[in-house]
1. Mind scanning A:43/B:324; A:43/B:18; A:272/B:38; A:2/B:58 and naming the pairs with a C-alpha gap bigger than 29 Å?
2. Listed highest first by mean packing, meaning other Cβ atoms within 10 Å per residue, what order do A:403-416, A:319-332 come in?
3. Can you compute the modelled spin-label distance between residue A:343 and residue A:115, with each label point 7 Å from Cα toward Cβ, in nm?
4. Count, for each residue of A:52-58, the Cβ atoms from other chains sitting within 10 Å of its Cβ, then give me the mean as a whole number.
5. Once you place label points 7 Å from the Cα toward the Cβ at residue A:137 and residue B:233, how far apart are they in nm?
6. For the stretch A:1-36, which chymotrypsin sites (Phe, Trp or Tyr not before Pro) are both in a DSSP coil and crowded by at most 11 other Cβ atoms within 10 Å?
7. Say a label goes 7 Å from Cα toward Cβ at residue A:294 in every copy; what distances in nm does this one have to the rest, shortest first?
8. In percent, how large is the relative contact order of the stretch B:432-483, given Cα pairs closer than 8 Å and 6 or more residues apart?
2 protein chains.
Amino acid sequence: MKNIINREIPEFVEGYGKVIPFAGAFTTLPDMQRQAPKVKTIKPHQSKLVASLERVFKDIPVQNGMTLSFHHHFRNGDGVVNMVLETAAKLGIKDLKIALSSIFPVHAPLVEHIKNGVVTALDTNYMSGPVAQAVSLGILAKPVVLRTHGGRARAIECGQLKIDVAFIAAPAADEYGNINGVQGTAACGSLGYAFPDAQYAEHVVAITDCIFEYPLAPVSIPQTRVDYVVKVDSVGDPKGIVSGTTRITKDPVGLKIADTAARVIQAAGLIKDGFSFQTGAGGASLATAHFVRQMMEQQDVTGSFALGGITGYMVEMLEKGLFKKLMDVQGFDLEAVQSIGLNPNHLEIGADYYASPFNSGCTVNMLDTVILGATEIDTNFNVNVVTGSDGVIMGGSGGHADAAAGAQVTIVVANLLRGRLPIIVDQVLTVTTPGETIDVLVTERGVAVNPRRDDLKAQLKAAGLPVKEISDLKALAEQISGAPEALTTGNNIVAVVEYRDGTIIDVVRQVEA
Amino acid sequence: MKNIINREIPEFVEGYGKVIPFAGAFTTLPDMQRQAPKVKTIKPHQSKLVASLERVFKDIPVQNGMTLSFHHHFRNGDGVVNMVLETAAKLGIKDLKIALSSIFPVHAPLVEHIKNGVVTALDTNYMSGPVAQAVSLGILAKPVVLRTHGGRARAIECGQLKIDVAFIAAPAADEYGNINGVQGTAACGSLGYAFPDAQYAEHVVAITDCIFEYPLAPVSIPQTRVDYVVKVDSVGDPKGIVSGTTRITKDPVGLKIADTAARVIQAAGLIKDGFSFQTGAGGASLATAHFVRQMMEQQDVTGSFALGGITGYMVEMLEKGLFKKLMDVQGFDLEAVQSIGLNPNHLEIGADYYASPFNSGCTVNMLDTVILGATEIDTNFNVNVVTGSDGVIMGGSGGHADAAAGAQVTIVVANLLRGRLPIIVDQVLTVTTPGETIDVLVTERGVAVNPRRDDLKAQLKAAGLPVKEISDLKALAEQISGAPEALTTGNNIVAVVEYRDGTIIDVVRQVEA
């Protein structure tokens, strides 16, 4: 069948189940009760400390076929996933589903666990590195479920992603299971992506390398939801948090795009007191923040909040009074990690609070504007951030589709060419974010406005911005590099791409080795 | 039938349902899933602000037979309950159940709403004043359900107290429903008793008199659980928070009891680094804190935390470094209200985190000792804090039975005579807290130790404390005042007393007018 944006998807995907087709960003409404784990009890003065991961596995007990969940705040410095899966392998456990909010190169040992049948399913919001490559080549019999950050929170709260055991890498914990990410030798900042796991998993294990005196404060995840506390040597290396792209670009083309994006925001009338903003950690996105900041300073504007994954640049804007609050679901660098532990206006928020579409209101809903990237964008403004030009998975939505849906003005910044290939195509290989939630594409050769936003188009034209049709920008790129050849993929579905509401917006098909 | 502590209770109570008899403080285990409200959604940039309470009633819509819940942090200064029920009455709504965590004299208009059929059921943890008196005289056809603070949280989380609409008196709110109790013109401090309501009610309404710029911080109750925000003139009068008993007693008998209680704690070996403590706001309880403090100072001891309802006295102990943390479910005076907004070591905790027996661990479980009061105690150490000597309801457990169950050493302090009546009896009129969870009774004429705690008895004797049998203390009192006449009550059950685990520990029968 075809979903509403004309993507060919099966009605049923082996290893995933019945497909609910994407029907529009705000069309599919929830019709369920919240996930309801079994109620627990514990006697007064009973200890939660357990001597080893093996002991925890036996106490729970972890069994074949279970779903184990993990959060990714340590990013490429994570130590917990590999440690837990090594324990599973050692104990001969098979057929696990791993629900890890993002997968990085450090998680390469997963490939071996998949080969050995310890792991047979993955559920994640982003994947890069060896695991993503192996998945793209069809290593898993079941398709990976690719979600958004808000969608994962939704899936957990709505009982669609049922977690048997949540393992939480806890930089600081007390003996009774209170946890935070801002203290300890390996502080990683916000633990926001683990909040839904802790709230709804059947069993919750805190894995920590620093046990503090009871009661720990602040509390990010409370003792009422944590069943076991295990002390290990190291939960991760905070140096691995920094992904290397958290500096402002020096590339003149990138700076030009960023400058234009800032002018788009200005033209849309958003640079005013109470302004709210989200941007990623990539070079051009951060550069946009830089130009926005200059405008705010020149016009003496005080914004209300900056949202999302937080960088040192945003911390500086908070400290200079340019924003009143930071709302932080994940620290992108060590400046952010330090700030959240010290500054009461730097708030830790959970993934549900950040971006879940199915609760009484997430924060992306309050965004004025967001700056996002793209690996491809089509002439209907549909964006791909999952697969590269070779069809291999090299990313994922993360909060991309969430912020796009929530913000009043969603801006994609991109070079007209990526490598030697035009970024604008007739059909992206994989849709991550539907075009109806993208308002503006900013390139170095002009700005395209979604036809759904004629109001905005008029504003940008009035401000003298180089507004063009997206098809004209596409033609411009093709004049330089020629039209790209369409990639041929096989039929085997290696991933289903779930929109934030739980419908299927696209699938990823296997590439040839 | 009789429950395990020999209280005569029916197997079925009209208007309440089937009775699960109390079977011991840690015997009845949970066997259910968590309460699962319907999942919600809201579109980006959709407003939650509603112009009036009437409008909220219509939007939800509030219907006959629903359960409306409220929290009691404004105590006798609450403005919200009366306001909401006036709206219900005006709109002709009938047959409401009011789940209000504690009922005070200010809630007198409830009597009229009961007479008119607007309200036909009450669910609370404490009641005093006109409503309690009217209930005792049989004004309600259905028995009131009297719970503990932890038990109410449990009942909400376990789906036994299903809330249709939670109305939350919010000293500070933003337009998107983030709430705290520490800002605004009517700050009341902790909002801990409202946490379970916000988490599990089908609809949540924030009623506020101060709307702050989005995003409010700190967040006590998050936007993700709040559906409507209504601005009113006043949510309550913080002066009504202080109940008048938050000063240390000057009565020499009270001071003697308090001094002895402190010596009991010392003799039990608890005055040492890491000591944790709970005491009520009553004169003798607070006086015990005073003597405990002197010991801590003399012995240079740093405690870990003080718990529960918090007074200025505890704030002072925090500020002087005698405790490292305060864990605050409710402010008992304006010093506590001020401190929780300023001191990062003064933590706000929810009722579930404080005291629910059915989660992965509440904080009463970590208590070394708690000082509690009693209106009666029997020779099996069962305590009554619900009914007075005339059989009229004049209180309730609040956290009494919770803290008693959790603490390592639970101490009841009481004058041997209350008015002219002995406090120790063969059978208390109403059991609130089972004797198995009470370790020591301290009176001005001696200390009685529960026979279950021979270890403790030996420690107290070794320390030279005046240890007596509880029957001897009873005889002493009766020598002074004579044995009291047993009160005769009718058969009509006006309240069921639910133990924290949901079993019925006793019932309250109607008194004659």
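Please treat every number below as a calculation from the coordinates, not as lab data. Since the structure is predicted, the reported quantities are computational estimates derived from the model, not experimental observations. Glycine gets a Cβ as well: all are built from the backbone with ideal geometry, and neighbour counts include every protein chain shown.
1. Numbers: A:43/B:324 25 Å; A:43/B:18 26 Å; A:272/B:38 38 Å; A:2/B:58 41 Å.
Among A:43/B:324; A:43/B:18; A:272/B:38; A:2/B:58, the Cα-Cα distance tops 29 Å for A:272/B:38; A:2/B:58.
2. Numbers: A:403-416: 24.5, A:319-332: 22.8.
The most tightly packed comes first, giving A:403-416, A:319-332.
3. The answer from the label model is 4.6 nm.
4. On the way: counts 0, 0, 0, 0, 0, 0, 0.
Per-residue shielding by partner chains comes out at 0.
5. That separation, rounded to one decimal, is 7.5 nm.
6. On the way: sites: A:12, A:16, A:22, A:26; in loops: A:16, A:22, A:26.
Loop-located and lightly packed - none at all.
7. From this label point to the equivalent ones elsewhere in the assembly: 7.0 nm.
8. Details: 43 pairs, mean separation 15.6, N = 52.
For the stretch B:432-483, the relative contact order is 30 percent.
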